[in-house]
Amino acid sequence: MKILVTGAAGFIGSNFVYYELDKHPEDQIVALDLLTYAGNLKNLDGCKDNPNFKFVKMDIRDRENINKLFEEEKFDIVVNFAAESHVDRSIEDPEVFLRTNIIGTEVLMDASLKYGVKRYHQVSTDEVYGDLPLEATDSFFTETTPLHTSSPYSASKASADLLVMAYHRTFGLNMSITRCSNNYGPYQFPEKLIPLMINNARHDKKLPVYGEGLNVRDWLHVCDHCAGIDLVMRNGRNGEVYNIGGHNERHNIEVVKTIIKALGKTDDLITYVTDRKGHDLRYAIDPTKIETELGWKPKYNFETGIKETIEWYMNNQEWMDDVTSGDYLTYYEKMYSKK
Ligand code: NAD
Ligand code: TYD
């Protein structure tokens with residue numbers, strides 16, 4: 001089978017490419033990425049010599065070149081990770097989120113229909129469901145929870161999901177969607193909570209916790225997410241949405257303190273800063289559907305997963321230095337100097 005993976009040089013996309021090449025060595029992977037600030041070709045260094053791997057630098061919004069690529073390659077499966085993915089950036093500048101996350105999805109689906117792709121898979125997020133109250137600890141997002149978004153990022157992802165479902169009903173596109181909770185693991189860009197805190201802590205820089213640090217996120221190791229996507233895009237039912245999550249809820253402050261402890265630092269690095277606008281309180285996934293229909297189960301528990309992840313970043317400090325030089329410093333100054 002030939003599989004197009006878009007957004008393949010980002011955090012989850014690159015982990016997915018490694019997962020696929022390992023799990024399905026008979027398949028061919030075409031990895032596509034525009035290499036925005038979040039995309040890093042070095043994330044794919046480990047597979048560049050694999051004969052079943054090929055990289056293409058391309059914009060998913062570029063209809064002409066996307067069509068040419070689809071015509072030449074005749075993909076069986078398209079899995080779309082390409083997106084603008086950071087909530088804080090979407091609050092500063094929403095437009096690129098709408099262009100990439102919505103229009104880019106449309107371009108990929110049009111090409112999928114035109115060139116006979118057998119399955120289009122959209123990688124979505126639990127953020128399309130909005131948030132849950134902090135105190136209602138027995139409430140979870142299911143696949144039938146209404147879409148109710150808070151940020152321009154989540155609104156753009158929900159828009160894309162609606163378009164994918166519209167293409168299924170109107171044009172008969174064979175599709176599936178997965179909505180996963182927060183991921184952690186190697187190759188995550190240090191604008192997101194976990195790698196940002198690891199990077200700051202290793203430099204003894206302040207750790208900026210939004211609000212009181214009591215917002216809750218449901219953490220899943222990126223490899224467990226990749227395994228879920230792999231199952232759904234191959235065996236999931238046409239037209240269906242599957243939630244992915246491992247019942248691993250943590251207050252942000254707990255996660256930050258775990259990192260501090262693992263790195264042998266002290267809590268006085270923590271600084272409570274102005275809260276994010278529209279900050280979602282709590283995310284929590286009910287994964288019953290993917291578990292019962294497809295037999296998915298997470299392999300990692302948070303304690304060992306986060307320990308391994310922190311070790312990965314500390315063993316790959318050159319990678320951290322590389323991605324946090326240049327534009328990252330300007331970004332950090334802009335986002336955090338006034339908080
Ligand atoms: P990321 O920002 O690390 O990677 C996104 C990749 O897309 C980057 O490599 C970037 O260069 C590429 N890209 C951006 N615009 C593009 C364009 N126009 N054309 C081609 N490539 C483009 O994000 P991530 O965390 O790996 O997330 C991947 C997907 O998973 C996203 O769709 C995101 O919404 C979804 N998701 C992420 C999480 C999470 O916790 N990170 C959880 C659930 C779902
Ligand atoms: P993030 O990693 O941006 O993911 P998301 O917004 O998609 O959940 O943030 C995770 C949580 O951590 C979220 O509640 C916001 C909080 N946070 C901070 O407290 N400080 C930070 O510097 C960042 C980036 C996030």
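Quick note: the coordinates plus some simple rules give every number you see, no bench work behind them. Predicted model only: the values in this text are computed from it and were never measured. Neighbour counts run over all protein chains shown; Cβ positions are idealised from the backbone, glycine included.
Out of the residues in the range 280-318 meeting the condition of being within 16 Å of ligand 1 (Cβ to nearest atom) and surrounded by fewer than 19 Cβ atoms within 10 Å (Cβ to Cβ), tell me which one is farthest from the chain's Cα centre (by Cα).
Filtering first and then ranking leaves Asn316.
Out of curiosity, is Ser176 in contact (Cβ under 8 Å) with a residue 24 or more places away in the chain and under 21 Å from Lys277 (Cβ atoms)?
Spelling it out, it is not the case that Ser176 is in contact (Cβ under 8 Å) with a residue 24 or more places away in the chain and under 21 Å from Lys277 (Cβ atoms).
I'm checking my understanding of the structure. Among residues of the range 144-196 that are more than 20 Å from Cys223 (Cα to Cα), of a type in the set (S, T, N, Q) and crowded, with 22+ Cβ neighbours inside 10 Å, which one is farthest from ligand 2 (Cβ to nearest atom)?
Only one residue fits best here, namely Ser156.
Within the range 43-65, track down each residue that is surrounded by 15 or more Cβ atoms within 10 Å (Cβ to Cβ), outside any strand (DSSP E or B) and under 22 Å from the mean Cα position of the chain (by Cα).
Hits for the range 43-65 are Asn43, Leu44, Cys47, Met58, Asp59, Ile60, Arg61.
Does the range 251-264 hold any residues that are within 16 Å of Gly185 (Cα to Cα) and surrounded by fewer than 18 Cβ atoms within 10 Å (Cβ to Cβ), and which are they?
Result: Ala262, single match.
Out of all the residues in the range 195-214, is one or more within 11 Å of ligand 1 (Cβ to nearest atom) and within 26 Å of Leu132 (Cβ to Cβ)?
Within the range 195-214, one or more residues are within 11 Å of ligand 1 (Cβ to nearest atom) and within 26 Å of Leu132 (Cβ to Cβ).
Can you find a residue that is without any contact (Cβ under 8 Å) to a residue 40 or more places away in the chain and buried (at least 20 other Cβ atoms within 10 Å of the Cβ) anywhere in the range 21-33?
Yes.
Scan the range 320-333 and tell me whether some residue there is touching a residue at least 24 places away in the same chain (Cβ under 8 Å), within 15 Å of ligand 1 (Cβ to nearest atom) and part of a loop (DSSP other than H, G, I, E, B).
So far as the range 320-333 goes, yes, one or more of its residues are touching a residue at least 24 places away in the same chain (Cβ under 8 Å), within 15 Å of ligand 1 (Cβ to nearest atom) and part of a loop (DSSP other than H, G, I, E, B).
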